[in-house]
There are 2 protein chains.
Amino acid sequence: MAHGAGGKASRKLVEGLFVPILSGALPKSLNDAALVEINGAPLAITADSFVVKPLTFPGGSIGELAVNGTMNDLAVSGAIGKALVATFVLEEGLPTSVLEREVRAMADAARRAGVSIVGGDTKVVEHGKADNMYIGTTGIGQMMAGIHVDAASVRKGDKVILSGPIGDHGITILLARGDLDFEADLRSDTRCVLPLVQAIASEMPEAIRWMRDPTRGGVATSLNELARDCGLGITVFEEQIPMRDEVRGACELLGLDPLHIANEGQFLAVVAPDAADRALAALRGTPGGEGAVIIGEVREQPASAVLITTKYGGSRIIDMLVGDPLPRIC
Amino acid sequence: MAHGAGGKASRKLVEGLFVPILSGALPKSLNDAALVEINGAPLAITADSFVVKPLTFPGGSIGELAVNGTMNDLAVSGAIGKALVATFVLEEGLPTSVLEREVRAMADAARRAGVSIVGGDTKVVEHGKADNMYIGTTGIGQMMAGIHVDAASVRKGDKVILSGPIGDHGITILLARGDLDFEADLRSDTRCVLPLVQAIASEMPEAIRWMRDPTRGGVATSLNELARDCGLGITVFEEQIPMRDEVRGACELLGLDPLHIANEGQFLAVVAPDAADRALAALRGTPGGEGAVIIGEVREQPASAVLITTKYGGSRIIDMLVGDPLPRIC
């Protein structure tokens, strides 16, 4: 299960198996979307599969997640999703009403995100050979003008912006499974972050060095991947990290680090230091971006690692997610 | 299961549920690939998921099928696949060696087909929540010059070309499952048909009216979809249909119609009457196209239906596949 959790084992699987075998084909630095040129036009392509359990949860559902998740992978790659295709693996006996509900959720999410679903495919497997339904979505996007998202362009002094509170999605899913004894008034943060990305990108595309939506593996895993890819150190100020009390409480109870919990409606952006305040203001002035904060900065040390500092002067290295405390989160 | 078989129930699901809900988004006539314009460049996009059982079979495997199937959907839409992305849903406990074998099969198939695999995603579900592995592939292609594949352009008198013998894939899978008491020296026909399509398209793109790879549901389902979409009648000369003795024998024993059996390396092309002989010669002159034949023609009657005529003067209407005699064929 850990190989699917988006943390260390996932990266090992991708770097140790997929990349070498498909080598030459996969891009050098692993981003959320691949850039290809067809007919001389630069395009971003990204693919995702969704196996979230349960299918619906406060704030969203698998269908809606399948659209937003793929739109977000494109957005943080600097691309505006223009077309989506979807594949369904359905378990024999799945009620049509459930399928219809999720297709409707996809259509609604696509409308809100301004993207067209242009095609798809459906397979049915025997009862017990899938868990209700799995959805795959691939998105094709057009690059935003003047944007170049690349870990290699990150420099010492750059600021790390986070779009809003973390952990809502992961903890919501955990509670929706009903395995735990407590309840909390929490909803998944699932949404399309494209308008937020555009708020910065339209004003100062050149200031954006790197972006990522911290889904599986959470903020800690995304920042560790960045640290590894750029070779610099990412320092995060713990007291700056926005988090709801319900998420903090659940994590404390369960012994989870909220920085490892999945998000579905937030993104991280590393921006040039002199543009950070303007970028933050642009985000905060956009609906849904009011909770954006600068949570850290890029330093030389610790090289290729992420350091969390507390307001009392303490600090600790935080690694990628190891193992899988929350399987099938998306 | 019938909803996933590619026949009548599948079409009902697509036309009755997916299209109305995603309406405006899905194209009017349902083709193997959608055409979209991004940055002013026309692109073909197609998505497929693969749940074939068993994972490997004489002549191929799920990974290789996942590449060729998507390349073929693009090819018969008149597009050259330029980039693929892949998604994996893996069952917990799947041996790494199996995954590696299939990723290698994908890489080999991609190399042979001249396409790059540019990205992907992996999810892992609990043991018993998938059947080893499912693969989704999405392909992006560049349209071939001068080609316009559209059922609406089919005219009375057009000829129907089939690239080679039918039923090899479906019967191979059936035998590979080991449920039957007989054996046959048969291999799946899985391959990339792009070179064959290009053999016609490069010489006489304007002569091609329509193409389709008759996978799930077989030749009969593809031709029924064409008949329905163009409103004309498709007459097929039974004695012209190429078929290996092993396929014929297995179908007779099992009471299956070979015209409903899935293929993975053949395609149907409807071409203008005056170009039919040249198109056939071009196909036959291309490695792998030696078995191509003209199997039928387009007539006014029976409107929107497919008629099979025998050499003894008999004839019968053949419908789309109903039900699912061979689940999880691809």
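The values are calculated or read from the model by the stated rules, or taken from the named source; none is laboratory data. Because the structure is a prediction, the values reported are computed rather than measured. Heads up, the Cβs are rebuilt from the backbone with ideal geometry, glycines too, and the neighbour counts pull from every protein chain shown. SASA here: full protein model, heavy atoms, side chains in, ligands and nucleic acids out. Shrake-Rupley method; radii C 1.70, N 1.55, O 1.52, S 1.80 Å.
If R0 is 35 Å, what FRET efficiency do you get for B:L253 and B:Q198 from their C-beta distance, rounded to 0.05?
On the way: r = 38 Å, r/R0 = 1.07.
Computed FRET efficiency for B:L253 and B:Q198: 0.40.
Could you order peptides B:232-238, B:287-293 by the average number of other Cβ atoms within 10 Å of their residues, highest first?
Values: B:232-238: 20.9, B:287-293: 16.3.
The most tightly packed comes first, giving B:232-238, B:287-293.
Can you tell me the accessible area per residue over the stretch B:167-218, all protein chains present, probe 1.4 angstrom, in square angstrom?
Numbers: 1980 Å² over 52 residues.
Solvent-accessible surface per residue comes out at 38 Å².
Under a Cβ-Cβ cut-off of 12 Å, what is the net charge of the residues other than B:L22 that fall near it, where Lys and Arg count +1 and Asp and Glu count -1?
Surrounding charge for B:L22 is -2.
Measuring label to label, 7 Å along Cα→Cβ, what does A:E206 give against each other copy in nm, shortest first?
Listed shortest first, these distances are 4.9 nm.
For the stretch B:130-154, state which residues have at least 20 Å² less accessible area in the presence of all protein chains than in their chain by itself, taking the probe as 1.4 Å and leaving out ligands, DNA and RNA.
At a threshold of 20 Å² (probe 1.4 Å), the residues of the stretch B:130-154 that become less exposed are B:D131, B:Y134, B:T138, B:I140, B:Q142.
Helix-only mean residue ellipticity at 222 nm, chain A, DSSP H runs n ≥ 4 weighted -39,500 (n - 2.57), per residue, nearest 500. What is it?
Working: 8 runs with 87 residues, N = 330.
The per-residue figure over chain A is -8000 deg cm²/dmol.
If you count only protein heavy atoms with a 1.4 Å probe, what accessible area per residue comes out for the stretch A:104-146, rounded to a whole Å²?
Value returned for the stretch A:104-146: 35 Å² of accessible area per residue.
How many Å² of accessible surface get buried when A and B come together, counting both sides, probe radius 1.4 Å, rounded to the nearest 100?
For chain A against chain B, roughly 5500 Å² becomes buried.
Given charges of +1 on the Cβ of Lys and Arg and -1 on the Cβ of Asp and Glu, with all other atoms neutral, how large is the dipole of the stretch B:208-330 about its Cα centre, in debye to the nearest 20?
With Lys and Arg at +1 and Asp and Glu at -1, about 120 debye.
Which residues of the stretch A:43-61 show a drop of at least 10 Å² in accessible area when all protein chains are present, compared with their chain alone (probe radius 1.4 Å, heavy atoms only, ligands and nucleic acids excluded)?
A:L43, A:I45, A:A47, A:D48, A:S49, A:V51, A:K53
Suppose accessible area is computed on protein heavy atoms with a 1.4 Å probe; arrange A:L259, B:L254 from highest to lowest.
From most accessible down to least: B:L254, A:L259.
What residues does the stretch A:87-104 have that are buried by at least 50 Å² of accessible area in the full protein assembly compared to the chain on its own, 1.4 angstrom probe?
Relative to the lone chain, where solvent access is computed with a 1.4 Å probe, the stretch A:87-104 loses at least 50 Å² at A:T87, A:V103.
Here is the link list: A:K12/A:K159; A:K159/B:K129; A:K129/B:K8. Which ones come out longer than 31 Å on Cα distance?
A:K159/B:K129, as the Cα separations exceed 31 Å there.
Over the stretch A:250-330, what is the relative contact order in percent, taking alpha-carbon pairs closer than 8 angstrom and at least six residues apart?
Relative contact order for the stretch A:250-330 comes out at 20 percent.
So what's the net charge close to B:I261: Lys and Arg +1, Asp and Glu -1, counting the other residues with Cβ under 13 Å from its Cβ?
Charge balance near B:I261 sits at -4.
When only Cα pairs under 8 Å and 6 or more residues apart are kept, what is the percent relative contact order across chain B? It would help to have the intermediate numbers written out before the result.
Values: 742 pairs, mean separation 81.3, N = 330.
Once normalised by length, the contact order is 25 percent.
Provide the FRET efficiency to the nearest 0.05 for the A:F182-A:A41 pair, computing r from the beta carbons and using R0 = 35 Å.
0.10
Give me the percent of DSSP beta bridges within chain B that run antiparallel, rounded to the nearest 5.
Restricted to chain B, the bridges split so that about 80 percent are antiparallel.
With an 8 Å Cα cut-off and a minimum separation of 6 or more residues, compute the relative contact order for the stretch A:20-138 in percent. Walk me through the intermediate numbers first.
Values: 179 pairs, mean separation 38.8, N = 119.
The normalised contact order for the stretch A:20-138 reaches 33 percent.
Which whole-angstrom value gives the distance between the alpha carbon centres of the stretch B:251-306 and the stretch A:195-219?
51
To one decimal in nm, how far is A:N39 from the same spot in the other copies, if labels go 7 Å from Cα toward Cβ? Please give the shortest first.
1.1
Can you tell me what share of the DSSP beta bridges in the stretch A:44-130 is antiparallel? A percent to the nearest 5 is fine. Numbers along the way, then the final one.
Values: 2 of 11 bridges.
Restricted to the stretch A:44-130, the bridges split so that about 20 percent are antiparallel.
One decimal, nm, shortest first: give the distances between the label point of A:S304 and those of the same position in the other copies, each label point 7 Å from Cα along Cα→Cβ.
Computed spacing set for this position: 6.5 nm.
Give the distance, in whole Å, between the Cα centre of the stretch B:124-167 and the Cα centre of the stretch A:105-126.
Using only Cα atoms to place each centre, the spacing works out to 19 Å.
May I ask you to give the percent of accessible area on the stretch B:167-271 that is carbon plus sulfur, with a probe radius of 1.4 Å?
Whole-percent figure for carbon plus sulfur exposure: 40.
In the full protein assembly as shown, how much of A:H148 is accessible to a 1.4 Å probe, in Å² to the nearest 10?
So the heavy atoms of A:H148 present about 120 Å² to solvent.
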